[in-house]
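The values are calculated or read from the model by the stated rules, or taken from the named source; none is laboratory data. Everything quoted here is computed from the prediction, not taken from an experiment. All Cβ positions, glycine included, derive from the backbone under ideal geometry; neighbour counts span all protein chains shown.
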Amino acid sequence: MPNPPFHENSSTFRILAGISSTEKITRSGKTLSLFSALAIVTMGWMGTAQGATVLYFQGFEDVAPTNAWNYAIGNSTVTQVGTLATSGQVPLDQGVLAGDKSLQHSNRVNGTGVLGTVTFSSVDLTQFSGLYTGLYIEVRLSSTGTSANGNDTGDYFRMFSSINGAAFETDSAANADISLAGRSNARWGFNAAPLSPNPPATVAAGGNLQLQSPPVGGGTNDNNYSTFRINLDDSASSIALRLNFLNDSSGEFWNVDNVAIYGTLVPEPSKMVLVVFGLTAACIHRRRSKTC
Ligand SMILES: [Ca+2]
Ligand SMILES: [Ca+2]
Ligand SMILES: [Ca+2]
Ligand SMILES: [Ca+2]
């Protein structure tokens, strides 16, 4: 079990620091009731934008991160590749998103179309219960090729979630949480984004989202999908992920990087209790001096 990254809610503390300053409250000669102070704190708390925290991560580097989401490669069409191995592919330098490595699928040996699979191990989500909410899986994808090649209508990338230990469904567009087909030698980098709808391509776990990329045209194009999300229900106790890939030429490549589970930190009730105690004490103090 990894150590969840600690995410401090600094904005909240800035708000509290301002409220708890008796000098600031009384300097203008105005008084602040306990009710008003609590209302301000609550509004500040609710309005604090909290970014998502990476709970599990896989960047396919040689050295695994401390919060590694472990994976197993199903067959030899999927390989860990580096920037050098992908340097001749189009678009240029888009085989790896971050770090030195990514995972790449290509039927480089058997050009008849062999399914490539990568399975990410089951993650116990109960460890995050009450601590993080709004969990989701995110996967980044690019499609590269030799100069005139790329992924076509019959080539695909699919994501399958497994909730609470259920078996992965068999490989089909209708069974996948997300199924993305290529089109006319489609090639795009990790910075591509569809014109409509806006990224990321998102589905609830167990749902079914079928896409074709690019929506129109083909070849090298920025109007493509590069970010995919599966939203998890807070009640799920475990999640596993399988990625399936297919193409049928040694000049067609699917690349994935930065596979992660994110969650948003739930404000700690204990902090709220401390705030109430602090405000109450401050108010009692001010009542004695008739300022509250
Ligand atoms: Ca990487
Ligand atoms: Ca092709
Ligand atoms: Ca093809
Ligand atoms: Ca399904």
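Select from segment 82-109 the residues that are outside any loop (DSSP other than H, G, I, E, B), of a type in the set (A, V, I, L, M) and more than 22 Å from the chain's Cα centre (by Cα) and list them in ascending order.
Within segment 82-109, V90 is the sole residue that qualifies.
Among the candidates N258, N191, N224, which residue alone is loosely packed, with under 15 Cβ neighbours inside 10 Å and either within 18 Å of the chain's Cα centre (by Cα) or outside any strand (DSSP E or B) (or both)?
Result: N191 is the single residue among N258, N191, N224 that is loosely packed, with under 15 Cβ neighbours inside 10 Å and either within 18 Å of the chain's Cα centre (by Cα) or outside any strand (DSSP E or B) (or both).
In segment 151-172, how many are within 16 Å of ligand 3 (Cβ to nearest atom), assigned to a loop (DSSP other than H, G, I, E, B) and surrounded by 14 or more Cβ atoms within 10 Å (Cβ to Cβ)?
Here the count works out to 2.
Looking only at segment 183-201, decide whether some residue is within 11 Å of ligand 4 (Cβ to nearest atom) and of a type in the set (S, T, Y).
Within segment 183-201 (the criterion being within 11 Å of ligand 4 (Cβ to nearest atom) and of a type in the set (S, T, Y)), the answer is no, since none of the residues qualifies.
Quick check on my filter: what residues within segment 126-145 are farther than 20 Å from V259 by Cβ and either surrounded by 19 or more Cβ atoms within 10 Å (Cβ to Cβ) or within 12 Å of ligand 3 (Cβ to nearest atom) (or both)?
G145
Among the residues that make up segment 121-138, is at least one of them within 16 Å of ligand 4 (Cβ to nearest atom), of a type in the set (A, V, I, L, M, F, W, C), touching a strand residue (DSSP E or B) at 6+ places or on another chain (Cβ under 9 Å) and not in a loop (DSSP other than H, G, I, E, B)?
yes
Six or more apart or on different chains, Cβ atoms under 7 Å: show the pairs whose first residue is in segment 246-257 and more than 18 Å from F190 (Cα to Cα) and more than 16 Å from ligand 4 (Cβ to nearest atom) and whose second is β-branched (V, I, T) and outside any strand (DSSP E or B).
D248/T112; G251/T146
Would you be able to tell me the number of residues in segment 102-116 that are among the polar types (S, T, N, Q) and at pLDDT below 90?
The qualifying residues number 3.
Give me the pairs: first residue in segment 173-201 and touching a residue at least 60 places away in the same chain (Cβ under 8 Å), second residue part of a loop (DSSP other than H, G, I, E, B) and within 16 Å of ligand 4 (Cβ to nearest atom), beta-carbon distance under 8 Å, and six or more apart or on different chains, which are they?
A176/E169; A176/N208
Looking for whichever is closer than 20 Å to L103 by Cβ and either touching a Lys or Arg at 6+ places or on another chain (Cβ under 8 Å) or not aliphatic (A, V, I, L, M) (or both) here; the options are S142, S196. Which one fits?
So the residue among S142, S196 that is closer than 20 Å to L103 by Cβ and either touching a Lys or Arg at 6+ places or on another chain (Cβ under 8 Å) or not aliphatic (A, V, I, L, M) (or both) is S142.
If you scan segment 200-218, which residues turn out to be within 16 Å of ligand 2 (Cβ to nearest atom) and under 30 Å from A236 (Cα atoms)?
Within segment 200-218, just Q212 meets the criteria.
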